[in-house]
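First the structure, in the form of structure tokens, and then the observations on it.
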Amino acid sequence: MILSIESSCDDSSIAITKIDTKDVLFHKKISQELEHSKYGGVVPELAARLHAKALPDILSSTKEFFPHLKAIAVTTHPGLSVTLLEGVMMAKALSISLKLPLISVNHLYGHIYSLFIEREEVFPMTVLLVSGGHTEVIDAKGFDDFRVIAKSMDDSFGESFDKVAKMLGLGYPGGPIIEELAREGDEKRFDFTVPLQNSPKLAFSYSGLKNQVRLAIAELGEKISDQDRADIAASFQRVAVEHLLHKLRRVFKEREIRDFAIVGGASANLYLREKIKTLTDKYSTNLHLAELKYCSDNAVMIGRYGVEAYKRGRFTTHCELIAKPKSE
Ligand code: KG4
Ligand code: ZN
């Protein structure tokens, strides 16, 4: 079995995965959303302190598995340096005391492996990763053979939902809040411009759209109503998703894609899922989605990647296993 640890942002999570069957034998996650909600975003120092309490609490429920463990997998990058450190320190302590090898896991690769939890891998696949930190289209050819073909030049898709929710005074995380509110709104009321519409660049940008929303809110001023908020949420979501679709249409036109997937916390958005499904249907492409509970950050996806790394003997020494905030 593999014990996996995730602490790259505001979720403390530990899982146990059986190597031969890929079965998930244990999973627990403690989210810190409530604690960060009043600040409208994640406060790294606070997040690190909460991990320092939550991770040992979760670990105490996994002791029965200790004699069966073969390796410890842990998210080392990308993420918040102070929160990554909490997981990395726990992984090293376990590795020393239980005499087990360490597996360093790229969090983004973990999101891709959320598709294969208790399933076999499917490669090659083109993957849209939409999370709080990233918006990327990835050409996934095989284990560890991932090439980014498009990415955001500024804010990410998920982050823009968080910021719009914050501007509307609605709390954190903004994604689910905006998606829910958008159901009550008129998505055509605000005619926000789709970013990079006339640009040949295969890239994403959300800072301009965020600014358009800011100006619309400012124009409404003090008299902003609940209906105004819902209309802004719906119009923003329509344009945010249309931007992804506009660039993806080009990717589909230029390549033959048999298998396509959406992963990351924002892949839980049902409006986005529906729009992408229409696109993949048009090209007779298979659409792969992770189970909703595995879209946001979790240690199960880290463990699933860990199983593949273990089979290939991809271990990391104690000296090399460090928290690296930025992606490589
Ligand atoms: O993957 P994730 O859990 O953490 C990172 O690796 O960043 O993604 C969290 C992000 C947040 O920005 C959150 O607002 C967004 O995913 N998100 C959503 C939805 N659910 C979560 N964005 C849009 N619609 C949603 N339903
Ligand atoms: Zn994530």
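A short reminder: the numbers here are calculations on the coordinates, not readings from a lab. Note that the structure is a prediction, hence the values are computed from the model and not measured. Note that we place each Cβ from the backbone using ideal geometry, even for glycine, and neighbour counts take in every protein chain shown.
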Using +1 at the Cβ of each Lys and Arg and -1 at the Cβ of each Asp and Glu in the chain, identify which of Leu292, Val24, Pro124 lies farthest towards the dipole's positive end. Pro124
With the dipole of segment 162-225 defined by +1 on each Lys or Arg Cβ and -1 on each Asp or Glu Cβ, the option from Phe204, Phe190, Ile178 whose Cα lies farthest towards the positive pole is Phe204
On a 0 to 90 degree scale, rounded to 10, what angle separates helix 226-254 from the longest Cα axis of the chain? 70 degrees
Could you tell me the calculated FRET efficiency between Lys282 and Arg189, based on Cβ-Cβ distance and R0 = 35 angstrom, to the nearest 0.05? 0.80
Could you state the angle between the C-alpha long axis of helix 270-282 and the longest principal axis of the C-alpha atoms of the chain, as a value from 0 to 90 degrees rounded to the nearest 10? 90 degrees
Which order do Ser61, Ser131, Ser160 fall in if you start with the one that has the fewest other Cβ atoms within 10 Å? Ser61, Ser131, Ser160
Using the Cα centre of segment 125-289 as the reference point, and only Cβ charges (+1 on K/R, -1 on D/E), how large is the resulting charge dipole? Debye, rounded to the nearest 20. 500 debye
I need the fraction of alpha carbon pairs in the chain separated by more than 27 Å, rounded to a whole percent. 45 percent
With θ taken as phi - 60° and the coefficients 6.51, -1.76 and 1.60, list the Karplus ³J(HN,Hα) couplings across segment 200-208 in order, rounded to whole Hz; mark glycine and proline as x. x, 5, 8, 7, 10, 8, 10, 5, x
For each pair in Lys18/Lys324; Lys151/Lys210; Lys18/Lys311, compute the distance between the two Cα atoms and list the pairs where it is over 20 Å. Lys18/Lys324
Row for segment 76-158, column shape: gyration tensor on C-alpha, a ≥ b ≥ c, rounded if a/c < 1.5 i.e. under 1.5, prolate if a/b over b/c, else oblate; value oblate
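Just to confirm a number: summing +1 for Lys and Arg and -1 for Asp and Glu over residues other than Glu33 whose beta-carbon lies under 10 angstrom from that of Glu33, what do you get?
Within the 10 Å Cβ shell, the charges total -3.
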Relative to the longest principal axis of the C-alpha atoms of the chain, give the angle of the C-alpha long axis of helix 157-167, reported between 0 and 90° and rounded to the nearest 10°. 60 degrees
Pick from Ile257, Ile16, Ile117 the residue whose mean-square fluctuation is largest in a GNM of the chain, springs joining Cα atoms under 10 Å. Ile257
Where a ≥ b ≥ c are the square roots of the eigenvalues of the C-alpha gyration tensor, would you call segment 13-158 rounded, which needs a/c under 1.5, or, failing that, prolate if a/b is larger than b/c, or oblate? oblate
In whole Hz, what ³J(HN,Hα) sequence does segment 106-120 give by Karplus (6.51, -1.76, 1.60; θ = phi - 60°), x for Gly and Pro? 6, 4, 5, 5, x, 4, 4, 6, 5, 6, 10, 5, 6, 9, 7
Considering only DSSP beta bridges with both partners in segment 39-176, what is the antiparallel share in %, to the nearest 5? 70 percent
Return the percentage of antiparallel bridges among DSSP beta bridges fully within the chain, rounded to the nearest 5 %. 60 percent
Please find, in a Gaussian network model of the chain (springs between Cα atoms separated by less than 10 Å), the residue of Asp231, Asp281, Asp297 whose mean-square fluctuation is greatest. Asp281
